[in-house]
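Let me give you the structure first, and then I'll get to my questions.
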Amino acid sequence: IAGITQAPTSQILAAGRRMTLRCTQDMRHNAMYWYRQDLGLGLRLIHYSNTAGTTGKGEVPDGYSVSRANTDDFPLTLASAVPSQTSVYFCASSEGNAGELFFGEGSRLTVL
Amino acid sequence: SQQGEEDPQALSIQEGENATMNCSYKTSINNLQWYRQNSGRGLVHLILIRSNEREKHSGRLRVTLDTSKKSSSLLITASRAADTASYFCATDAPESSGDKLTFGTGTRLAVRP
């Protein structure tokens, strides 16, 4: 049982570099999400996609972009990483909007 | 901005005791969910309660919802060491987040053997 697969698990990145976090689901869920988790701030929504071909901005979208070319994949790209993007990133999916979310195990990103 | 706020931020209890965590939110909701996160892992869905429901049970979990007070509580009965984790409430708030789930900052529960 795979569910949501995220890669890489962990990455250290120099500021200014481009980075793509990968997310793949095998549940054929329509909706997918990217959250970041920071100590004391909980999880904050970065971007979401209600269905393949569509994306939307969440609470903290600046500095991030996403694409949803197909149902299964939802990559998150940092075009030019900054230290404030140091965080743990979680990808999630759901059958519909605001239903039960299924989370990946996270990608820990450190920007130096 | 945070829609949900959990209370307390941290809770330490003895195995066998009950653990109660509270969640307050700001705007009207369609449903409220509780999630669990073990250290270094992803979140796992525990239970969903709809705005027209007042109480829901799942195994040792009991969730209540008071929409007039904009609050919810999660009760874990007969706690076990394996219940040690962080617990988050999440709400969908049509007015503020377009039905997307907004998470609180979580309660860290430690259950001592």
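The values are calculated or read from the model by the stated rules, or taken from the named source; none is laboratory data. This one's a predicted model, so the numbers in the text were calculated from it and none came from an experiment. Cβ placement follows ideal geometry from the backbone for every residue including glycine, while neighbour counts extend to all protein chains displayed. Just the protein is used for accessible areas: all its heavy atoms, side chains included, with ligands, DNA and RNA removed. Shrake-Rupley method; radii C 1.70, N 1.55, O 1.52, S 1.80 Å.
Provide a single number: the residues in the stretch B:1-33 that are part of a strand (DSSP E or B) and either open to solvent by 40 Å² or more (accessible area, probe 1.4 Å) or among the aliphatic types (A, V, I, L, M) (or both). Spell out how you get there, then give the answer.
Restricting attention to the stretch B:1-33, the residues satisfying the condition of being part of a strand (DSSP E or B) are B:4-7, B:10-14, B:19-25, B:31-33.
Okay, now just the ones that are also either open to solvent by 40 Å² or more (accessible area, probe 1.4 Å) or among the aliphatic types (A, V, I, L, M) (or both), so B:5, B:7, B:10-14, B:19-22, B:24, B:32.
Residues meeting the conditions: 13.
Identify the residue in the stretch A:10-25 that is among the small types (Gly, Ala, Ser) and on the phi < 0 side of the Ramachandran plot and, among all such residues, is most open to solvent (accessible area, probe 1.4 Å). Break it down stepwise before answering.
Residues of the stretch A:10-25 that are among the small types (Gly, Ala, Ser), as a first pass: A:10, A:14-16.
Narrowing the set further to residues that are on the phi < 0 side of the Ramachandran plot leaves A:10, A:14-15.
Details: A:Ser10: 74, A:Ala14: 54, A:Ala15: 55 Å².
Checked the stretch A:10-25; the qualifying residue most open to solvent (accessible area, probe 1.4 Å) is A:Ser10.
Tell me yes or no: at least one residue of the stretch A:92-107 is of a type in the set (A, V, I, L, M) and over 30 Å from B:Arg50 (Cβ atoms). First the steps, then the outcome.
Taking the stretch A:92-107 and keeping what is of a type in the set (A, V, I, L, M), we get A:92, A:98, A:101.
From the residues that got through so far, the ones that are over 30 Å from B:Arg50 (Cβ atoms) too are none.
No, there is no match, as no residue in the stretch A:92-107 is of a type in the set (A, V, I, L, M) and over 30 Å from B:Arg50 (Cβ atoms).
Only one residue in A:Arg68, A:Arg44, A:Arg28 is open to solvent by less than 40 Å² (accessible area, probe 1.4 Å) and either of a type in the set (D, E, K, R) or without any contact (Cβ under 8 Å) to a residue 12 or more places away in the chain (or both), so which one is that? Working first, answer last.
Working: A:Arg44 fails: open to solvent by less than 40 Å² (accessible area, probe 1.4 Å); A:Arg28 fails: open to solvent by less than 40 Å² (accessible area, probe 1.4 Å).
Matching residue, one of A:Arg68, A:Arg44, A:Arg28: A:Arg68.
Kindly indicate which of B:Arg36, B:Arg62 is more than 11 Å from every other protein chain (Cβ to nearest Cβ), part of a strand (DSSP E or B) and under 11 Å from the mean Cα position of the chain (by Cα). Break it down stepwise before answering.
Details: B:Arg36 fails: more than 11 Å from every other protein chain (Cβ to nearest Cβ).
None of the others qualify; the one that does is B:Arg62.
Report yes if some residue within the stretch A:67-88 is out of contact with any Lys or Arg (no Cβ under 6 Å at 6 or more places or on another chain), within 13 Å of chain B (Cβ to nearest Cβ) and under 30 Å from B:Gln9 (Cα atoms); otherwise report no.
Scanning the stretch A:67-88, I find no residue that is out of contact with any Lys or Arg (no Cβ under 6 Å at 6 or more places or on another chain), within 13 Å of chain B (Cβ to nearest Cβ) and under 30 Å from B:Gln9 (Cα atoms), so the answer is no.
Go through the stretch A:89-98 and count every residue that is within 8 Å of chain B (Cβ to nearest Cβ) and not in a strand (DSSP E or B).
2
Also: Of (1) open to solvent by less than 10 Å² (accessible area, probe 1.4 Å); (2) within 13 Å of chain B (Cβ to nearest Cβ); (3) free of Cβ contacts under 8 Å to residues at least 60 places away in the same chain; (4) of a type in the set (A, V, I, L, M), A:Leu101 satisfies all except one. Which?
Among (1) open to solvent by less than 10 Å² (accessible area, probe 1.4 Å); (2) within 13 Å of chain B (Cβ to nearest Cβ); (3) free of Cβ contacts under 8 Å to residues at least 60 places away in the same chain; (4) of a type in the set (A, V, I, L, M), A:Leu101 violates only (3).
Please work out which residue is surrounded by the most Cβ atoms within 10 Å (Cβ to Cβ), limiting yourself to the stretch B:34-55 and to residues that are among the basic types (Lys, Arg) and within 28 Å of A:Thr5 (Cβ to Cβ). Please lay out each step first, then the result.
Let us first name the residues in the stretch B:34-55 that are among the basic types (Lys, Arg), namely B:36, B:41, B:50, B:54.
In the following step, the residues that additionally are within 28 Å of A:Thr5 (Cβ to Cβ) were identified as B:36, B:41.
Working: B:Arg36: 20, B:Arg41: 14.
Going through the qualifying residues, I end up with B:Arg36.
Among the residues of the stretch B:8-27, how many are over 12 Å from B:Ser86 (Cα atoms) and within 13 Å of another protein chain (Cβ to nearest Cβ)?
Of the residues in that region, 2 qualify.
Of the residues that make up the stretch B:80-94, is at least one more than 14 Å from every other protein chain (Cβ to nearest Cβ), over 14 Å from the mean Cα position of the chain (by Cα), among the aliphatic types (A, V, I, L, M) and surrounded by 15 or more Cβ atoms within 10 Å (Cβ to Cβ)?
Within the stretch B:80-94, none of the residues are more than 14 Å from every other protein chain (Cβ to nearest Cβ), over 14 Å from the mean Cα position of the chain (by Cα), among the aliphatic types (A, V, I, L, M) and surrounded by 15 or more Cβ atoms within 10 Å (Cβ to Cβ).
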